Ligand SMILES: CC(C)(COP(=O)(O)OP(=O)(O)OC[C@H]1O[C@@H](n2cnc3c(N)ncnc32)[C@H](O)[C@@H]1OP(=O)(O)O)[C@@H](O)C(=O)NCCC(=O)NCCS
């Protein structure tokens with residue numbers, strides 16, 4: 001996806017992102033993954049692909065610094081804007097299984113969830129997957145609505161799947177993501193989202209809760225609370 005002109009961009013998750021990711025995770029899930037789980041996924045799981053969405057400054061996409069040498073790398077990490085959401089999946093043969101997706105609670109309903117999902121679908125397609133699956137809490141109608149928009153259908157139910165509450169998981173799948181009807185649908189949704197994100201860029205600049213996130217969290221401190 002081309003992130004020029006957008007207030008947000010998607011990047012592969014790095015180990016240095018995990019602290020911010022886990023801060024959003026704790027605000028988003030009743031049983032959050034610990035930092036070690038994300039570090040393991042990024043460093044040791046060859047089937048895992050994780051992404052973060054972060055704010056980008058005006059024109060930043062065009063003037064990305066070339067990263068030369070260790071010092072340049074440190075500088076560019078320090079200057080990076082806060083993470084506002086993330087997602088990830090596991091890839092196995094032609095199946096991609098979405099393991100997580102979350103957006104900071106203050107920045108929801110602005111299209112960021114869709115931005116992450118599109119990035120994951122595009123990566124799945126370019127990795128040769130032909131279908132995607134996931135589990136979602138039966139009560140999580142918001143997430144189910146996001147997935148349905150991208151042609152995920154309910155294909156099953158796992159009884160008492162979540163051990164904290166005994167809640168069922170709904171299993172959803174998007175089929176034939178490598179085929180052209182899906183590509184056309186995805187492109188339409190992507191174009192619509194890009195237009196929406198461009199229109200809302202000025203609102204983002206004027207403050208949409210993002211300012212509270214611009215202080216990087218200290219160890220163990222949750223963003224925004
Ligand atoms: C699910 C989640 C990632 C969506 O992120 P988001 O940035 O708010 O989503 P978007 O703004 O891109 O919305 C995409 C679609 O999701 C659905 N949606 C999002 N928020 C909704 C709400 N409050 N009510 C109903 N539908 C909603 C809509 O279909 C929406 O499309 P629309 O804006 O065209 O109506 C976010 O709510 C979240 O982080 N939830 C907590 C973590 C979680 O439950 N993750 C899913 C685990 S399976």
Residue count for segment 108-126, restricted to those that are without any contact (Cβ under 8 Å) to a residue 40 or more places away in the chain, more than 13 Å from the chain's Cα centre (by Cα) and closer than 22 Å to residue 176 by Cα: 1
Odd one out for residue 84, checked against (1) closer than 26 Å to residue 26 by Cβ; (2) touching a helix residue (DSSP H, G or I) at 6+ places or on another chain (Cβ under 6 Å); (3) more than 11 Å from the ligand (Cβ to nearest atom): (3)
Subset of segment 1-20 [surrounded by 22 or more Cβ atoms within 10 Å (Cβ to Cβ) and in a strand (DSSP E or B)]: 8, 10
Residue satisfying all of: in segment 96-119; over 17 Å from residue 29 (Cα atoms), in contact with a strand residue (DSSP E or B) (Cβ under 6 Å, 6 or more places away or on another chain) and not in a helix (DSSP H, G or I); nearest to the ligand (Cβ to nearest atom) among these: 97
Qualifying residues in segment 120-172 (those that are within 28 Å of residue 7 (Cα to Cα) and assigned to a loop (DSSP other than H, G, I, E, B)) - the one farthest from the ligand (Cβ to nearest atom): 127
Matching option when the condition is surrounded by fewer than 21 Cβ atoms within 10 Å (Cβ to Cβ) and modelled with pLDDT of 95 or more, among 113, 128: 128
Residue in segment 177-192 that is in contact with a helix residue (DSSP H, G or I) (Cβ under 7 Å, 6 or more places away or on another chain) and away from the ligand (no atom under 15 Å from the Cβ) present: yes
Residue match in segment 45-64 (condition: touching a helix residue (DSSP H, G or I) at 6+ places or on another chain (Cβ under 7 Å), away from the ligand (no atom under 16 Å from the Cβ) and at pLDDT 65 or above): yes
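The values are calculated or read from the model by the stated rules, or taken from the named source; none is laboratory data. What you see is a predicted model; the values in this text were computed from it and never measured. For neighbour counting, all protein chains shown are included, and Cβ atoms are generated from backbone atoms with ideal geometry for every residue, glycine included.
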